[in-house]
1. Zone of GLU107 (label point 7 Å along Cα→Cβ, backbone N under 17 Å): which residues in the stretch 113-131?
2. Would you tally the net charge around SER115, using a Cβ to Cβ cut-off of less than 11 Å, leaving SER115 out, and scoring K and R as +1, D and E as -1?
3. Does a label point 7 Å from the Cα of GLU36, set along Cα-to-beta-carbon, have any residues of the stretch 208-222 with amide nitrogen under 13 Å, and which are they?
4. Near the amide H of SER28, under 5 Å away, which other amide H atoms are found, from residues 5 or more places off or on another chain, if H is placed in the peptide plane?
5. For ILE133, which sequence-distant residues (separation of 5 or more, or a different chain) have an amide H within less than 5 Å of its own amide H, given hydrogens modelled in the peptide plane?
6. Amide H of GLN39: which non-local residues (sequence gap of 5 or more, or other chain) have their own amide H closer than 5 Å, using H built in the peptide plane?
7. Once you put a point 7 Å from the Cα of THR215 and another 7 Å from the Cα of VAL130, both along the Cβ direction, what distance in nm separates them?
Amino acid sequence: MKHSRYPFLCCLLTVVCCLVSSCYKLISTYAPSEVEAGQTFEVSFTIVDDGSETQNFVTDWSYAGVRVPKGWTVTVPEGAHQQFAEDWVYYQDGSRVASSHDMEPCEKLSQFYNSACPKTGYAWSGFKSVTKIPKNISACWRNGCDSIRITFLVTVPEDVRPGRYQIDFMGGDEEDDAGIDKYSSYSAAKDSRLFHVGTAAGSYVDNRNASLTRTIVVTEATKVQTPSSTPEEEGIAYNLQGQRIESLQSGKSGGGRIIIKNGKKILKK
């Protein structure tokens, strides 16, 4: 009787460990290779189930951050948190797994990520899901979520210096209703699931893939030159219908004036 309990306890511990670790990993990131100063562009990272055998149903808060050069602006589009799965995969309540959810800025997460992973000249912007999300991210083929992608919008300042810049990503979650608010400081949160996947170095990240840091080249903004008018065109005016009308231009000959009528210049004294 005593020995028969051990397999059950081992199985229970395996399930608990997976619940704690969330059982997902970072597999890809996206950013354009080249952008212009003043441009706004999308970046994103994607996580998948790590292949564990558990069948837990997880509903939690999602947290994600992106690290960009200081002075750059980061926001999130509508439905920034996207979940993907096969068409036949459904939640327990009957809804489909493939769905999108909104995220919002989280200053506390930004502070935690900047404390955990500082980099000169760069800063993290953190975001959290607006509501708790039923991720259902498990490896069980009967109810698994295939992948989750988080998208950010990054704006480069118009006066940025052209050059090469790096973009890093970080993500995690919390099941408790209190979410990130249960942590009073970074020290209390550094071993939590907030730091689960990422491209930045640090032992606090369970699933890190430094090779997925993105490098982008910023070029000068393309300047649209307004064509300058030729001497012949100076003084030409148009009515509301776009038709050319007479306009006056100071003449240099005998104090007269030049009028343009029907496309011809006429010197009028």
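FYI, it's all coordinate maths here, none of it is from the lab. Please read all numbers here as calculations on a predicted model, not as lab measurements. In this analysis, Cβ positions are derived from the backbone assuming ideal geometry, glycine residues included, and neighbour counts consider all displayed protein chains.
1. It comes to 113-115, 124-128, nothing else.
2. Numbers: positive: LYS108, LYS190; negative: none.
Combined, the nearby Lys, Arg, Asp and Glu give +2.
3. 219-222
4. THR46
5. For ILE133, whose amide H was placed from the backbone, the distant partners under 5 Å are ASP60, TRP61, SER62.
6. For GLN39, the qualifying residues are VAL156.
7. Reported label-point gap for THR215 and VAL130 is 3.8 nm.
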